[in-house]
Every structure is written in C-alpha cells, then in structure tokens.
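*Asks:* Handing you this structure, nothing more for now.
The values are calculated or read from the model by the stated rules, or taken from the named source; none is laboratory data. In this text the structure is predicted, and so the values were computed from the model without any measurement. Here the Cβ positions follow ideal geometry from the backbone for every residue, glycine too, while neighbour counts run over all protein chains shown.
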Amino acid sequence: MARLSVLFDESEPLAGTEKREAPEFFKDLNLDQVVASITANRDEYNLKPIFHTPLDRLETVDYRYDTFRDLKSEALLACVRSFAQQMRNMRAHLAQAEKLYYNRQKQSWFLDAVGIYCGAVRELIHDLKAIDLHARAFLALREYVTQYGDSAAFASLTSETQKLKAGLAEVKYSIYIEGSRIEVSRYESEPDYGAEVLQTFEKFKRQAPKEYRFTFSASPEMNHIEAVILDMVALLYPELFSSLEQYCAGHRGYLDNVIETFDREVQFYLACIEHIEHFKKAGLPFCYPAVGDQSKDVSARDTFDLALANRLIREDAAVVTNDFYLRDPERIIVVSGPNQGGKTTFARTFGQLHYLASIGCPVPGREARLFLFDKLFTHFEREEDLQNLSSKLEDELVRIHRILESATPRSILIMNESFLATTLSDALFLSREVMQRIIQRHMLCVSVTFLDELASMSKTTVSMVSTVDPSDPALRTFKVIRRPADGIAYAVAIAEKYRLTYNQVKRRIAS
C-alpha cells in the first residue's frame, strides 16, 4: 500500500501541509478563535496545519464526511479513543525515558512503551474486525493493520517484548545491609523475616493502630544507591540484561509510519466531534453539508457564528440562528440594517460555513448546501497604520484591487463596511465600481454596507436586512432576513458618527 491517510484520499497531494500557516482571512472571520477552540489541549498532534489547509477536490471533502459518518458509531468512536489514549501513554513513557539519567532505567521505560504499543495495535485490530465499517478510510485502515498484525516483524516485536517483560518480572534478589556495606545476591528462598515479625506481634494487637501516613517523592528517577543496586542485579542476570540492551538498540524504529500517521490524523475527527458536542448540549444543530463545485445555489438553515456562539454559551446567553439562500442567477448578498444588529456576524457565518466545508468539517446549521471555492477573500476595515504613509482609503483600494486581480469565478469574497473613510457620494461610487467587477467575475459575495442602493444593482444581488424589535426599534433581534433595504441604515450611521442622534443631541443641549 503506497500510502494510507484518514484525511486525504489517494489523489490529494500531501506536500507542504505539515507547516501550513493560517490563511490571511482567518482573523477577519474569527476562524483563528474557532480553530484554537477545536484544537485546545491537543498541541502534541500539531493539528492546526490541517485546519489551515482547504481541500481542492470534492472527492476528498466527501472522503472526510464519510469518515465522520462512520465515527457516529459508538463502538468505533470508543475503539479510536481507546487507541489514542494508549498511544498517548506510549509517548509519555518514551518522553520519560528521555528525561531519565540512568541507562538501565531508560531501557525499562522503553520496553514498557513498546509493550503499550503492541497492546494498542492488537486491540485496534480486534475491535476493527468486530465493527461494521463503510468509510474508505477505515476500511483501508482495517486491511492495513490486519496485515501488519499478521506480519513476521510485528509478531517478533510482540514476542520479544513479552519474553523480556516476563523475564524481568521473574527477577528476584536479596539485599544484605550492614552499616554502609550493601551486598546483593540471588534470592534463594530465604525466609521473609518481616512477615515473621508481624506474625509474632499480632497477638499483642488490641485495637486498630493509629495510622502514620507519609508522602514520598513521586519522581520516577532512581537515586544513585538504587542505580548501583540495579547494576549489581544485572551482574547476577547477565543474559537477561544483555538481551534488554540489544532489544532497545535494535527496536528504536519500532513505530509503524502508517499507524503513527493514523494516531495523529484521527485527532482531527475526535477534536471536531468533541467540539461539536459542546454546542449540541446547548441545543445548536450541526450537519454534513451538500458541497458542490459547479452550482452556486447555496443555502443554510438555522446557522450561526461558531466563535460568537462559543462565547455566548459560556456566558449562558441565547444564540440567534439565521438562514440564507441564493438561487441562480443570484450571487451576491448585500446586508444592511442598524449598527450592532448582527450584520458582520452574518457575513462571518457565511465565510465560516464555506471554509469549514472546504476542509471536510461538519458545519453549524440544520442543513446546508455550499460551494467548494478555490480562494476565499475578506475585505474588512483595518486600523490605520501610523507608519504607513498611505491613507486609510488608499489602503482599502489597494487591498480590494489585489483581491479582484487574484479572484476567479470560483472565489468567495466577504466585504465588511468598505470605504467608510470617505464621503457618502465617493463611497457609493467606489462600491458600485467594485460591485460591477464582482458581478463580472460571477463570484459569490457577501457585502455588509450602509449603501442600500447596492442591493438592487443587478439581478445577481439580493438584499438582506438585520431587523429590530417592532415594538422598540432600539432593540436588535440579530435576525437577518431577505427583504428590500429600508433606506435609513446609512442615515442612522451618519447620525451616530457625528453625535446627532436624538439622545446625543439631547445630552449635548442639557450640558
């Protein structure tokens, strides 16, 4: 078998994925927070590069979703988790062996690590044979580990490990201490004087004795006296300890590459599953989306921003879900409405869903149909850089020009309140020019704006509006719905910017 991966099918290239940095748009979409939350407490597996690598092919996306579906089996999930825990114990033993000073103690910890590994592999083989599997990833894994378990190399490793552990367990010796002199000899069935003393004084026992408990050092490191005694014991059993030394030297590369890769890669699935459970307990849905690379008819129902929802759950606050859809020839969602009404959150959600689908992750929502993009871009407002001599507007124009130069009909663009650093007329002119170029490229796009005119530019644009409570317009519902823009969003924003709202003017007059 040339290669076996539970993340990538046979045709997906693997080169360069181990050190992949986060894409440029991660921070804008809060995907950096999402990935940090998913991979928390799993630093040893270096999972972030996997989450930083979107997939190019639908076949690989489906390959991962099929693997997720198999892991819905409690038996398989328990099997994988047990294997992962044993491999974690194995690595802990190897790490401890590296820290120890005395060589014979290093050898003992190494032997135990290999023993844990052999047991983990045997248990994995046994469990996979008893489970009904469907995903290509797990079917290939079962075939591989079964062949590996039957191989002469693994049989020899297991046999040698068991033989050495059994031999060491049989080692018995006696220690004679007289002053500062220690003598070590083979145990020759000498009487246990400790047991005899306890038996002699048993008849004087009248009531339960008072306990005197002591806390001893938990360090596994031997002291120099213990090390000398162990060296003496090794002289008493030269063949056994020589075999142990040869075993450690000869099995440094005992860990099979495919099994080691599986141990790391399967953590991608376990991390996602555990992360999703956190949301499901709060009543929030997840689904496996239908992902395509031809039709741009996209939709989602009861979806939400993962990063925001994670924070709201911790605060015991309600999470508002939203729906969206685009039907051919629609390509662009123009989102308007009052400030702090959930517009940017909605835009982030659109981007998050498409990115998570592009790496084969379940997405937040009851159901979803999404597009496999080639590039994802964001154009969010940036803090002005005092060291940069260009203006804020110039910087925005340079960034949007670079995006449009690189974009293709398969790209997705998320724009958030672009060109606020200029006048209304200039912002409208620039936004129309940019929107025309987006329309020409047939890109999917979400644009959060105060410019309601953009929503009716062409048959490819649709309007969505963040709503307020009908009984109190000051209260945001955070629901974003399809409806024509109401024409007052920019006016409200301008009033707030120049402190000309009713309450602001009232306070200024009063002062």
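*Asks:* Quick check on region 415-457: of everything there that is assigned to a helix (DSSP H, G or I) and acidic (Asp, Glu), which residue is modelled with the highest pLDDT?
*Replies:* Per the criteria, the residue is GLU433.
*Asks:* In addition: Sort out which residues of region 27-49 are touching a residue at least 24 places away in the same chain (Cβ under 8 Å) and either closer than 22 Å to THR349 by Cβ or small (Gly, Ala, Ser) (or both), and write them in order of number.
*Replies:* Scanning region 27-49 gives ASP28, LEU29, ASN30, LEU31, GLN33, VAL34, SER37, ILE38, THR39, LYS48.
*Asks:* Filter region 179-198 down to residues that are farther than 15 Å from LEU235 by Cα and of a type in the set (S, T, N, Q) and give me whichever is surrounded by the fewest Cβ atoms within 10 Å (Cβ to Cβ).
*Replies:* SER180
*Asks:* Among the residues of region 268-285, is there at least one that is of a type in the set (Ser, Thr, Tyr), in contact with a helix residue (DSSP H, G or I) (Cβ under 9 Å, 6 or more places away or on another chain) and either part of a helix (DSSP H, G or I) or surrounded by fewer than 16 Cβ atoms within 10 Å (Cβ to Cβ) (or both)?
*Replies:* yes
*Asks:* Pull up region 94-150, narrow it to residues that are in contact (Cβ under 8 Å) with a residue 12 or more places away in the chain and polar (S, T, N, Q), then point me to the one that is surrounded by the most Cβ atoms within 10 Å (Cβ to Cβ).
*Replies:* SER108
*Asks:* Another question about this same structure. Given the conditions (1) crowded, with 19+ Cβ neighbours inside 10 Å; (2) within 30 Å of ALA153 (Cα to Cα); (3) of a type in the set (A, V, I, L, M, F, W, C), and given that ALA234 satisfies all but one, which numbered condition is not satisfied?
*Replies:* The number of the failed condition is (1).
To keep it simple, each residue is scored yes or no on (1) touching an Asp or Glu at 6+ places or on another chain (Cβ under 8 Å); (2) over 19 Å from VAL61 (Cα atoms); (3) modelled with pLDDT of 95 or more; (4) buried (at least 19 other Cβ atoms within 10 Å of the Cβ).
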{"position": "ARG3", "(1), (2), (3), (4)": "yes, no, no, no"}
{"position": "PHE8", "(1), (2), (3), (4)": "no, no, no, yes"}
{"position": "GLY16", "(1), (2), (3), (4)": "no, no, no, no"}
{"position": "ARG20", "(1), (2), (3), (4)": "no, no, no, no"}
{"position": "LYS27", "(1), (2), (3), (4)": "no, yes, yes, no"}
{"position": "ASN30", "(1), (2), (3), (4)": "yes, yes, yes, yes"}
{"position": "VAL35", "(1), (2), (3), (4)": "no, no, yes, yes"}
{"position": "ARG42", "(1), (2), (3), (4)": "no, yes, yes, no"}
{"position": "PRO49", "(1), (2), (3), (4)": "yes, no, yes, no"}
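*Asks:* Taking THR200 as meeting all but one of (1) under 27 Å from TYR102 (Cβ atoms); (2) modelled with pLDDT of 80 or more, write down the number of the exception.
*Replies:* (1)
*Asks:* Which members of region 458-479 meet the condition of being out of contact with any Asp or Glu (no Cβ under 9 Å at 6 or more places or on another chain), surrounded by fewer than 16 Cβ atoms within 10 Å (Cβ to Cβ) and assigned to a strand (DSSP E or B)?
*Replies:* Hits for region 458-479 are ASP469, ASP472, PRO473, ALA474.
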